[in-house]
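Report on one structure; see the data block that follows.
The values are calculated or read from the model by the stated rules, or taken from the named source; none is laboratory data. Small disclaimer: the values here were computed from a predicted structure and weren't measured. With ideal geometry, Cβ positions are generated from the backbone for all residues, glycine too; neighbour counts draw on all protein chains shown.
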Amino acid sequence: MRRFFILSILLLCIIFFTGCAAHLKNPVDNTRSLVYGYMDMQKAPSKMEWGTIKQMKPKTDKPYWSMGTNGKGVFWHEQLPPGSYMLVEFGGHSMLRNANYTYNMPEYGKNETAVVIKNPGLYYLGTYQYQKGGSFFNPQFDIVSVDSPNEKEVLELLLPLSNDTEWEKRIEYRIGELEK
């Protein structure tokens, strides 16, 4: 019985720690782009553990793309083909409240996270801060654009997740451009 307990704990630790790790993958072809940004969730009831970006144009049968996150604010997707996109939802889990949270953003019009990818490359969606709104009975939220961390700092957080990929050199090059 004790052996089963120890193996169970070990397995849970492995799942927990490998589940928290994320890594960029090489682009599937030379038309793909990396989009990235940062979401400050300090005022939110959860961290940002996942996100969804929607392809607005051109129309497609599968417009939703899951985004990677590092659980500390950085989010990205490294396989987007040309088109226009915007962040439409994100969410996470609160251990303290034992609750899952989904933050939905409007899928119509244009929100601040909108980006148009014309040529393959790196595209910065921006840095945002979660702002609580509404009331206890009608909770709402907004995201507002903030200056910190800036694009260079977000890329520096993303760089360790790009080791041994084609994105690593492109991120280093962009950081160099931003230092000038």
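Are any residues in region 87-107 modelled with pLDDT of 85 or more and charged (D, E, K, R), and if so, which ones?
Selection gives Glu89 alone.
Looking at Gly92, Gly121, which one is touching an Asp or Glu at 6+ places or on another chain (Cβ under 9 Å) and not hydrophobic (A, V, I, L, M, F, W, C)? Even if it seems obvious, please write down each step before you answer.
On the way: Gly121 fails: touching an Asp or Glu at 6+ places or on another chain (Cβ under 9 Å).
Just a single option satisfies the conditions, and that option is Gly92.
Only strands (runs of 3 or more DSSP E) wholly contained in region 83-180 count here; list those with 1 or more residues that are among the aliphatic types (A, V, I, L, M), without any contact (Cβ under 8 Å) to a residue 40 or more places away in the chain and more than 19 Å from Ala22 (Cα to Cα).
Numbers: elements: 83-94, 99-104, 115-117, 122-134, 139-145.
Result: 83-94, 115-117, 139-145.
So which residues in region 38-53 are more than 13 Å from the chain's Cα centre (by Cα) and without any contact (Cβ under 8 Å) to a residue 60 or more places away in the chain? Give the derivation first.
At the first step, the residues of region 38-53 found to be more than 13 Å from the chain's Cα centre (by Cα) are 42-46.
Scanning region 38-53 gives Pro45, Ser46.
Each row is one residue, and each column tells you yes or no for (1) surrounded by 13 or more Cβ atoms within 10 Å (Cβ to Cβ); (2) over 18 Å from Met39 (Cβ atoms); (3) modelled with pLDDT under 95.
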| site | (1), (2), (3) |
| --- | --- |
| Trp76 | yes, no, no |
| Lys110 | no, yes, yes |
| Leu125 | yes, no, yes |
| Gln140 | no, no, yes |
| Val144 | no, no, yes |
| Thr165 | yes, yes, yes |
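I'd like the full set of residues that are within 17 Å of Gln42 (Cα to Cα) and either in contact with a Lys or Arg (Cβ under 8 Å, 6 or more places away or on another chain) or polar (S, T, N, Q) (or both), limited to region 76-92. Before the answer, list the steps.
Here is the first cut: in region 76-92, the ones within 17 Å of Gln42 (Cα to Cα) are 90-92.
Listed by number, the list holds a single entry, Gly92.
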